[in-house]
Amino acid sequence: MAGDMDLKPNTFTYNAVINALAKSGEPGAAARAERVLQNMVNRYRNGGSDDVKPTTINFNTVRLNSTSVQSATFCLADLINWLTTSGS
């Protein structure tokens, strides 16, 4: 399908994937959700449009579904860093 090349992820599609992973209960899903969030952050910081700008919803979805305190703490630290450096 030629038109599919024009499709690009946005904040809502990223959060849908993060949420699906978080709720899947599969082993390693929480870590995969964290990687998706990190991909989103990197994409935005490397010239992505506001369509992929992470929101507190994205961070909180990962944080609330983290499988360890350490992981949740890192996610919270990333959120605080994001909020203080992005001007959001």
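The values are calculated or read from the model by the stated rules, or taken from the named source; none is laboratory data. Remember, it's a predicted structure, so these values are computed and weren't measured experimentally. Please note: Cβ atoms are built from the backbone with ideal geometry, for glycine as well, and neighbour counts cover all protein chains shown.
Tabulated data
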{"quantity": "Residue selected from the range 15-68 under the condition touching a Leu at 6+ places or on another chain (Cβ under 9 Å) and among the basic types (K, R), by the criterion nearest to N81 (Cα to Cα)", "calculated": "R63"}
{"quantity": "Test: G87 is on the phi > 0 side of the Ramachandran plot, at pLDDT 75 or above and exposed (fewer than 14 other Cβ atoms within 10 Å of the Cβ)", "calculated": "no"}
{"quantity": "Residue count for the range 33-59, restricted to those that are part of a helix (DSSP H, G or I) and surrounded by fewer than 15 Cβ atoms within 10 Å (Cβ to Cβ)", "calculated": "9"}
